[in-house]
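Chemist: Let me begin by handing over the structure; questions about it come next.
The values are calculated or read from the model by the stated rules, or taken from the named source; none is laboratory data. From a predicted model like this one, the values you see are computed outputs, not experimental measurements. Here the Cβ positions follow ideal geometry from the backbone for every residue, glycine too, while neighbour counts run over all protein chains shown.
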Amino acid sequence: MRNKRIAVPGMAVLCLCAAANAAHAANTYYIDQCMNYQTGGCWGWISTPEETASLQATLQLWGWTGSRYPDASAWAQDFVEQCSSTYGSGGLDGAYADSKGLVVFSGHGSQGELYFAYPHSGDCQFGFDANGRLGSMSGAQAAIGMWLTCRAHENFAGFQNQWLRQSLAFMGDIWLGANDAMNAVVDTKTVGSSPGLPNAIAWLQVMDSGTRHPIAVTMSNSSMADCWIVAGSAKMGDNVLNTPRGGGPSCNQGQPIYYWCAEYY
């Protein structure tokens, strides 16, 4: 595999050789919210705060449709690619995480990994690379990923095998307020004469607080130039580029060439 990286202050641009479903799932959402880690049965870790109720309420107010699953109803299998056991057993993404345009996870995480509070069929963990193919294969509806968890894209991990249009995450440890995710999405909506911000800019501006290091990754099927056009245009609140990319890999197949660009603090 050949990698090429061009770095400039405050952002990085990377080309990656990395496949064919078309879908139209604009203005839909899927949220897994994990909180009770201390007694949920998986890890015994400190519990995490509620971070997605206000986000869901805002999306519903805008006319979006979808579901939010907290704690025991949030399963690792919700994100696992279901087309083949190659990606793990019991995958359900075609009915859950990869069935909606915006997919959100809130809870504990690490580099390229999501940790669930409650076990389901003995599973408590989801690995992006090993288990996930969001935006392609089964479902193929996910367009934007929002990862309200520590280190999901640290060292540019976690998104390379997903076929998302954008992935909004963090590269270090975080602690979020109840309305941070909502505020990042609200800022993408035009109100009166005040234009909405692109998803990437809104994410970075809202989430760049204290020791948090937000990152916004955008993907393109065609070129690096198109990648930056999408990064500067996609706005959830204004319904701009909320649809999946299409052209992703089929089951058990590798990805075609694609391009990605990242902005981060």
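Chemist: In the stretch 193-243, what count of residues is obtained for those that are part of a helix (DSSP H, G or I) and polar (S, T, N, Q)? Don't jump to the end; show me each part of the working.
Modeler: Within the stretch 193-243, the first condition is being part of a helix (DSSP H, G or I), and the residues that meet it are 199-207, 224-231.
Still in the running and polar (S, T, N, Q): 199, 205.
Selection size over the stretch 193-243: 2.
Chemist: Continuing with the same structure: Within the stretch 111-141, how many residues are more than 14 Å from the chain's Cα centre (by Cα), surrounded by fewer than 24 Cβ atoms within 10 Å (Cβ to Cβ) and in a strand (DSSP E or B)?
Modeler: Number satisfying all stated conditions: 7.
Chemist: Next question, about the same structure. For THR188, indicate whether it is among the polar types (S, T, N, Q), part of a loop (DSSP other than H, G, I, E, B) and either at pLDDT 95 or above or surrounded by fewer than 18 Cβ atoms within 10 Å (Cβ to Cβ) (or both). Break it down into steps so the answer makes sense when it comes.
Modeler: Working: among the polar types (S, T, N, Q): yes; part of a loop (DSSP other than H, G, I, E, B): yes; either at pLDDT 95 or above or surrounded by fewer than 18 Cβ atoms within 10 Å (Cβ to Cβ) (or both): yes.
So THR188 passes the test.
Chemist: Based on this model, can you work out whether ASP238 counts as surrounded by fewer than 18 Cβ atoms within 10 Å (Cβ to Cβ), of a type in the set (D, E, K, R) and within 19 Å of ALA57 (Cα to Cα)? Can you show your working first?
Modeler: Details: surrounded by fewer than 18 Cβ atoms within 10 Å (Cβ to Cβ): yes; of a type in the set (D, E, K, R): yes; within 19 Å of ALA57 (Cα to Cα): yes.
In short, yes.
Chemist: Could you please let me know if ILE174 is of a type outside the set (Gly, Ala, Ser) and either over 20 Å from ALA157 (Cα atoms) or outside any loop (DSSP other than H, G, I, E, B) (or both)? Don't jump to the end; show me each part of the working.
Modeler: On the way: of a type outside the set (Gly, Ala, Ser): yes; either over 20 Å from ALA157 (Cα atoms) or outside any loop (DSSP other than H, G, I, E, B) (or both): no.
Considered against the rule, which asks whether it is of a type outside the set (Gly, Ala, Ser) and either over 20 Å from ALA157 (Cα atoms) or outside any loop (DSSP other than H, G, I, E, B) (or both), ILE174 comes out as no.
Chemist: Any idea which of GLY210, GLY248 is at pLDDT below 95 and either of a type outside the set (A, V, I, L, M, F, W, C) or in contact with a helix residue (DSSP H, G or I) (Cβ under 7 Å, 6 or more places away or on another chain) (or both)? Don't jump to the end; show me each part of the working.
Modeler: Values: GLY248 fails: at pLDDT below 95.
Testing whether each residue is at pLDDT below 95 and either of a type outside the set (A, V, I, L, M, F, W, C) or in contact with a helix residue (DSSP H, G or I) (Cβ under 7 Å, 6 or more places away or on another chain) (or both) leaves just GLY210.
Chemist: Among the listed residues ALA7, ALA25, ALA20, which satisfies the condition of being among the small types (Gly, Ala, Ser), crowded, with 18+ Cβ neighbours inside 10 Å and modelled with pLDDT under 95? Lay out the reasoning, then the answer.
Modeler: On the way: ALA7 fails: crowded, with 18+ Cβ neighbours inside 10 Å; ALA20 fails: crowded, with 18+ Cβ neighbours inside 10 Å.
Sole residue among the options that is among the small types (Gly, Ala, Ser), crowded, with 18+ Cβ neighbours inside 10 Å and modelled with pLDDT under 95: ALA25.
Chemist: Moving on to the next point. How many residues does the stretch 43-61 hold that are assigned to a loop (DSSP other than H, G, I, E, B) and crowded, with 21+ Cβ neighbours inside 10 Å? Spell out how you get there, then give the answer.
Modeler: From the stretch 43-61, those assigned to a loop (DSSP other than H, G, I, E, B) are 43-52; that's our starting set.
Next, from what is left, pick out any that are crowded, with 21+ Cβ neighbours inside 10 Å: 48, 51-52.
Residues in the stretch 43-61 being assigned to a loop (DSSP other than H, G, I, E, B) and crowded, with 21+ Cβ neighbours inside 10 Å: 3 in total.
Chemist: Out of TRP163, TRP147, I need the residue that is within 14 Å of the chain's Cα centre (by Cα), assigned to a loop (DSSP other than H, G, I, E, B), surrounded by 22 or more Cβ atoms within 10 Å (Cβ to Cβ) and of a type in the set (Phe, Trp, Tyr). Which one?
Modeler: Values: TRP147 fails: assigned to a loop (DSSP other than H, G, I, E, B).
Unique residue meeting the criteria: TRP163.
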